[in-house]
Amino acid sequence: MNTAAAFADFRTYPLISALAGVQALTDRVMVKWADDRVSPFHHQWLRDNCPCPLCVYTVTREQVLEIVDVEEDLVAAETSVDAQGCLCVAWQDGHRSRFDPGWLRAHAYDDESRTERRASKPQSRLWHGDLPLPVFDYPALMNDNDALLQWLLAVRDIGLTQVRGVPTEPGSLKLIAQRISFIRESNFGVLFNVQSKADADSNAYTAFNLPLHSDLPTRELQPGLQFLHCLVNDAEGGESIFVDGFAIAEALRQEDPEAFQALCEIPVEFRNKDRHSDYRRLAPIIALDACGQVSEIRMANFLRGPFDASVEQMPKLYRAYRRFIAMTREPRFRLMQRLNPGELWCFDNRRTLHARNAFDPGTGARHFQGCYVDRDELLSRILVLQR
C-alpha cells in the first residue's frame, strides 16, 4: 500500500513497515518499526521537516519554516502514534507535528536505512563494445508514456539508445526532444546541422574523422543529453563510434589507479573559439560524485588547450591522458554503427563519448541534425512519469 502524500511532497511513499512504538529522549525521538528496526530522529530534524500548513505552503509544497526561528534546545513534550499510524509530536512551545510513516521510513537516517536507500538508487549499467543496443520506436515514444519512460530509463542507466522511424523532415528532432523537456540552446543554435561546409566553425562540420569526445567540454556544465538525427546519409564512411566513458574510467581505476587519480585531480583547460565566441573551462577529465562514483567524463582533444600543471604533475598527467585515450581505442570498449535516415542517437553526453569516421562528401550527401537537453530535465521527467 502507499501512504498519503505529506504536504511537503507530491509523491506517495509505500508503507514498508508500520510504526510499532515511540520513545522520547533528551534530544531525539526513538521510533521502533514493526519489522524491529529502530530509527532515531533528532528533535531539530523532526521540527525542521514538519509538514504542517504552518511550515510548508500547501500550494507549492515548499518549506516556509527556517530552523533558525525555532529554539535550538526545543524539546518534545509528548509523542504518540495516532489511529492512522502517524507519528505525532507535541513540542514544548505548543507546535504540533504529524509525520506519515511511509515518508518517515523513506527518510530515516539510521545506518541500516541509509545503506538500504543508497542500494536502491539507480545504478549505471556499464557496457562494452558488445552492448545489445537499446532500440525504441518513434511513434510509441510520441504517444505512449509507458514507452517513453522505458526509453528515458535506458538513457539514464545505459547512456546510449537509438530511436527508429523518425520523420526525416528537417526540424522533426525538436518534437521528440521536447517529449523530455525544453531544448538547451548553445552558440550552435537550438537545432544544429551537422554537414560538411567550407566555413566550418567546428571540426564536426567538416568531413574529417572526429576522435572520441564529449560535446561542449568548454562549458561549466556540459550538456547532459545529445541527440543526433539522420536526415540523409548517402556518403561513404561516417560511421558512428561510441564508448562508455564510465566503463573506461572504472577499468582505469582498477588497472592503473595512479592514472585514474591524476585524471580526477589535475584540471585540464578546454577551449572553443571561433570568430564570434570564446569559451574556456578548467576541470578534471574524470569527475566523481559525493560517493566517489564516476559522474562525468570531460574530453575533446581537438578542443584542449596546453596542459598547465606543476613540473612534478606534468609527466603524471601526460601518462594518464595517453592511457585514457589509448583505452578508448581498444576494441573491447568500442561500438560502431552507421546511422540510417529516420534513425537517431540519444546518449548521455557527460558519459558516452562519441566519434565519427571520416566520410567522402563526393560520394553523396550527409545531413544530421542535433540538439541538447540537460540531464536534470531527463531525471525530472522520469520522476514525474513514475509518480
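The values are calculated or read from the model by the stated rules, or taken from the named source; none is laboratory data. Source: prediction; values computed, not measured. Cβ placement follows ideal geometry from the backbone for every residue including glycine, while neighbour counts extend to all protein chains displayed.
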Q: Name the single residue, out of those in segment 93-148 being of a type in the set (Phe, Trp, Tyr) and assigned to a loop (DSSP other than H, G, I, E, B), that is farthest from PHE227 (Cα to Cα).
A: TYR109
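So in segment 87-129, with the set limited to residues that are touching a residue at least 24 places away in the same chain (Cβ under 8 Å) and loosely packed, with under 14 Cβ neighbours inside 10 Å, which one is farthest from GLU71 (Cα to Cα)?
Looking at residues that are touching a residue at least 24 places away in the same chain (Cβ under 8 Å) and loosely packed, with under 14 Cβ neighbours inside 10 Å, I get GLN123.
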Q. Which of (1) in contact with a His (Cβ under 9 Å, 6 or more places away or on another chain); (2) hydrophobic (A, V, I, L, M, F, W, C); (3) under 22 Å from ARG37 (Cα atoms) is the odd one out, the single condition LEU74 does not satisfy?
A. (3)
(Q) Here is a check on your reading of the model: is ARG319 under 28 Å from ILE176 (Cβ atoms), charged (D, E, K, R) and touching a helix residue (DSSP H, G or I) at 6+ places or on another chain (Cβ under 8 Å)? (A) no
Q: Only residues in segment 161-176 that are assigned by TED's automatic domain parsing to the domain that holds LEU335 count as the first member; pair them with residues that are in a loop (DSSP other than H, G, I, E, B) and small (Gly, Ala, Ser), Cβ under 7 angstrom, at least 6 apart or cross-chain, and list the lot.
A: ARG164/GLY342; GLY165/GLY342; VAL166/GLY342; THR168/GLY342
(Q) Just to be sure before I move on: is ARG125 charged (D, E, K, R) and under 16 Å from the mean Cα position of the chain (by Cα) in the structure I sent? (A) yes
Q. Would you say ILE67 is without any contact (Cβ under 8 Å) to a residue 40 or more places away in the chain and within 34 Å of the chain's Cα centre (by Cα)?
A. yes
Q: Name every residue in segment 310-367 that is among the acidic types (Asp, Glu) and either surrounded by 13 or more Cβ atoms within 10 Å (Cβ to Cβ) or under 15 Å from ALA247 (Cβ atoms) (or both), in order of residue number.
A: GLU330, GLU343, ASP348, ASP360
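A quick yes/no check of all residues on (1) surrounded by fewer than 18 Cβ atoms within 10 Å (Cβ to Cβ); (2) in contact with a strand residue (DSSP E or B) (Cβ under 6 Å, 6 or more places away or on another chain); (3) at pLDDT 95 or above:
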site: PRO217; (1), (2), (3): no, yes, yes
site: PRO223; (1), (2), (3): no, yes, yes
site: GLY238; (1), (2), (3): no, yes, no
site: VAL243; (1), (2), (3): no, yes, yes
site: GLU255; (1), (2), (3): yes, no, yes
site: ALA262; (1), (2), (3): no, no, yes
site: HIS276; (1), (2), (3): yes, no, no
site: SER295; (1), (2), (3): yes, yes, yes
